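See structure below.
What follows draws every value from the coordinates through simple rules; no lab data is involved. Since the model is a prediction, treat every value here as computed from it, not as a measurement. Glycine also receives a Cβ, built like all others from the backbone with ideal geometry; neighbour counts cover every protein chain displayed.
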Amino acid sequence: MYHTIEFLGQLTLNLEISPKCCVEQFVVRKGARVRTQLKPYVQETDEGPVEMADLFFEDGTVTRQVPFGCFSFVE
């Protein structure tokens, strides 16, 4: 299921274009809205547990380990 999310600040994402291709960096501006599928999980850090998600975009690219605090749901 795809959700529309809005980024809450400027963020540099590492986009996986394909499993055989290298990673490219992409800057997302504050307020940018995208449709994505999310795979949520909790990651343990030095500051404690952090809710994160891997984002699967409609164009087939993927970015991983995006903290939930960096985006909000628009729907």
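Criterion first (surrounded by 10 or more Cβ atoms within 10 Å (Cβ to Cβ), acidic (D, E) and without any contact (Cβ under 8 Å) to a residue 60 or more places away in the chain) does E16 satisfy it? Lay out the reasoning, then the answer.
Details: surrounded by 10 or more Cβ atoms within 10 Å (Cβ to Cβ): yes; acidic (D, E): yes; without any contact (Cβ under 8 Å) to a residue 60 or more places away in the chain: yes.
Answer is yes for this residue.
So is T61 in contact with a Leu (Cβ under 6 Å, 6 or more places away or on another chain) and either at positive phi or touching a residue at least 40 places away in the same chain (Cβ under 8 Å) (or both) or not?
Numbers: in contact with a Leu (Cβ under 6 Å, 6 or more places away or on another chain): yes; either at positive phi or touching a residue at least 40 places away in the same chain (Cβ under 8 Å) (or both): yes.
So T61 fits the description; yes.
Does L8 count as touching a residue at least 60 places away in the same chain (Cβ under 8 Å) and either more than 13 Å from the chain's Cα centre (by Cα) or surrounded by 11 or more Cβ atoms within 10 Å (Cβ to Cβ) (or both)?
Criteria met by L8.
How many residues does the range 41-61 hold that are more than 16 Å from E6 (Cα to Cα) and in a strand (DSSP E or B)?
9
Restricting the search to the range 19-35, which residues are hydrophobic (A, V, I, L, M, F, W, C), surrounded by 10 or more Cβ atoms within 10 Å (Cβ to Cβ), in a strand (DSSP E or B) and touching a residue at least 12 places away in the same chain (Cβ under 8 Å)?
F26, V28, V34
How many residues does the range 49-68 contain that are surrounded by 15 or more Cβ atoms within 10 Å (Cβ to Cβ) and either of a type in the set (S, T, Y) or within 11 Å of Q37 (Cα to Cα) (or both)? Before you say what the answer is, go through the steps one by one.
If we filter the range 49-68 for residues that are surrounded by 15 or more Cβ atoms within 10 Å (Cβ to Cβ), which is where we start, we get 52-57, 61-64, 66, 68.
Cutting the leftovers down to either of a type in the set (S, T, Y) or within 11 Å of Q37 (Cα to Cα) (or both) gives us 53-57, 61-63.
Going through the range 49-68 one residue at a time, the tally reaches 8.
When only residues in the range 36-56 that are aliphatic (A, V, I, L, M) and in contact (Cβ under 8 Å) with a residue 12 or more places away in the chain count, which is farthest from F73 (Cα to Cα)?
Step by step, filter the range 36-56, then rank; the result is V50.
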